[in-house]
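The values are calculated or read from the model by the stated rules, or taken from the named source; none is laboratory data. All values reported here derive from a predicted model rather than from experimental measurement. Quick reminder, even Gly has a Cβ in these numbers, built from the backbone with ideal geometry, and neighbours come from all protein chains shown. Remember, those area values only see protein heavy atoms, side chains included, never the ligands or the DNA or RNA. Shrake-Rupley method; radii C 1.70, N 1.55, O 1.52, S 1.80 Å.
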Amino acid sequence: MSLLIDNIGELSTCDGEPVRDAALVAEGETIAWIGAAGAAPACDERVDAAGRAVIPGFVDSHSHLVFTGDRSAEFAARMAGLPYSAGGIRTTVAAVRAAPDEVLRANVAAHRAEMLHQGTTTVEIKSGYGLTVDDEARSLRIAREFTTETTYLGGHVVPAGADADAYTALAAGEMLRACAPHAKWADVFCETGAFDADQARAILTAAADQGLGLRVHGNQLGEGPGVRLAVELGAASVDHCTHLSDQDVEALAGGDTVATLLPGVEFSTRQPFPDAARLRDAGVTVALASDCNPGSCYSSSMPLMIAFAVRDMGMTVADALWAATAGGAVALRRTDIGRATVGRRADLVILDAPTFVHLAYRPGVPLVHSVIHNGAMVKAALTRR
């Protein structure tokens, strides 16, 4: 089955300058041809973009969708001046442990659909709200029904009443072995109030021995060892990077670990926004992700993350779009997604706008007109014109 998207006003490939007055052909799940509008070969189906902009599907490389319960009271308290801390995670842990599989599955399905309709065609999903062997394993089994990018996050926080060293041994041992068959990645929250460098290293090195790729939550609440530990261990990504020393930036610039920035967290927790321009100027690869979770950022909107990045993090709109698509692909070590070029997967978003700049220019407006995922139309909307 072939699909032609014709009359594209602006095609942002995220691999060079935007292409004007373009057309694109997908053969099955793959982009097969890009050229001038009106010059495309005949196809089985045709979509008239009517001068709209087309971008790659968003790649959200950091989310926590296996949860239930509501933590809006925490958000209201933060907006009233209460500082954020990592301890609120335990509230969700209690809710997840008490929930049957079908409740967790329905919640993931609803949020995954919400993401797809906002243009997110690839999403990573973590465990981390079970913190028992059985609950972490079932969280990953459920996550794997919705994505291949599943991450074991038994090292999220130490459960209430548990000894930190004993729990670290569990997370690096029995829990990891139960979860590894259902995970592609392992992650640890290396932060004050969660796991220190030695504990994080123990879990991550054990995960690497199990064949899992590595990711790290680091430097969210203050400067700490998370970033340099991630680089030392060759992690694909270190996420948050809100508070960075010169040594942290130097380490990132000297390695291939992606700095994944999560600006929705800074909005929701009243923390300072990370300085993306500083990282860009140092030559660090940057990704943007939502960190969609019930505590520190309950938003699944990658367009909103782009708007935050442009307004508050020193990114150009082109930088932010790249970070939310191609950058996310690099953070997942994927070469088949994140760019709209021949040979890549046909994951595309048609915007109800003449240019991708509107993603930041019109924040909060539902600009996603249509979504093509794996070469098939999964969302088609009526135009507002």
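Structure summary
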{"item": "Scope the range 45-61; condition surrounded by fewer than 24 Cβ atoms within 10 Å (Cβ to Cβ) and in a strand (DSSP E or B); matching residues", "result": "45, 46, 47, 48"}
{"item": "Helices (runs of 4 or more DSSP H) contained entirely in the range 150-234, each with at least 1 residues that are closer than 29 Å to residue 112 by Cβ and open to solvent by 20 Å² or more (accessible area, probe 1.4 Å)", "result": "174-179, 197-209"}
{"item": "Inter-residue pairs, beta-carbon under 8 Å, first over 20 Å from residue 54 (Cα atoms) and in the range 94-123, second open to solvent by 50 Å² or more (accessible area, probe 1.4 Å) and at pLDDT 95 or above, 6+ apart", "result": "105/145; 108/145; 108/146; 109/146; 112/146"}
{"item": "Qualifying positions in the range 272-295 - out of contact with any strand residue (DSSP E or B) (no Cβ under 9 Å at 6 or more places or on another chain) and either part of a loop (DSSP other than H, G, I, E, B) or open to solvent by less than 50 Å² (accessible area, probe 1.4 Å) (or both)", "result": "272, 275, 277, 282, 283, 294, 295"}
{"item": "Whichever residue in the range 230-239 is without any contact (Cβ under 8 Å) to a residue 60 or more places away in the chain and touching a strand residue (DSSP E or B) at 6+ places or on another chain (Cβ under 6 Å) and, among such residues, is nearest to residue 305 (Cα to Cα)", "result": "238"}
{"item": "Where a residue in the range 280-307 is in contact (Cβ under 8 Å) with a residue 40 or more places away in the chain and its partner, wherever it lies, is open to solvent by 30 Å² or more (accessible area, probe 1.4 Å), with Cβ under 6 Å and at least six apart", "result": "285/330; 300/114; 301/118; 307/363"}
{"item": "Matching residues in the range 20-31 - criterion: being open to solvent by less than 50 Å² (accessible area, probe 1.4 Å) and either in contact with a strand residue (DSSP E or B) (Cβ under 7 Å, 6 or more places away or on another chain) or modelled with pLDDT under 95 (or both)", "result": "22, 23, 24, 25, 26, 31"}
{"item": "Residues within the range 180-229 that are hydroxyl-bearing (Ser, Thr, Tyr) and at pLDDT below 95, tallied", "result": "1"}
{"item": "Residue in the range 165-193 that is farthest from residue 125 (Cα to Cα), counting only those that are of a type in the set (A, V, I, L, M) and over 21 Å from the mean Cα position of the chain (by Cα)", "result": "166"}
{"item": "Subset tally (residues that are of a type in the set (Ser, Thr, Tyr) and closer than 14 Å to residue 131 by Cα) for the range 142-175", "result": "4"}
{"item": "Some residue of the range 245-256 being part of a loop (DSSP other than H, G, I, E, B), crowded, with 20+ Cβ neighbours inside 10 Å and at pLDDT 95 or above", "result": "no"}
{"item": "Qualifying positions in the range 62-77 - surrounded by fewer than 17 Cβ atoms within 10 Å (Cβ to Cβ) and either within 21 Å of the chain's Cα centre (by Cα) or outside any loop (DSSP other than H, G, I, E, B) (or both)", "result": "72, 73, 76, 77"}
{"item": "Pick from the range 1-19, criterion in contact (Cβ under 8 Å) with a residue 24 or more places away in the chain and of a type in the set (Gly, Ala, Ser), ranking: surrounded by the fewest Cβ atoms within 10 Å (Cβ to Cβ)", "result": "2"}
{"item": "Condition broken by residue 42, with the remaining ones in (1) touching a helix residue (DSSP H, G or I) at 6+ places or on another chain (Cβ under 9 Å); (2) in a loop (DSSP other than H, G, I, E, B); (3) more than 30 Å from residue 194 (Cβ to Cβ) satisfied", "result": "(1)"}
{"item": "Filter result for residue 123 (within 17 Å of the chain's Cα centre (by Cα) and not charged (D, E, K, R))", "result": "yes"}
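Listed here are the residues, each with its yes/no results for (1) in contact with a helix residue (DSSP H, G or I) (Cβ under 8 Å, 6 or more places away or on another chain); (2) within 19 Å of residue 151 (Cα to Cα).
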| site | (1), (2) |
| --- | --- |
| 216 | yes, yes |
| 222 | no, no |
| 225 | yes, no |
| 229 | yes, yes |
| 244 | yes, no |
| 250 | no, no |
| 258 | yes, yes |
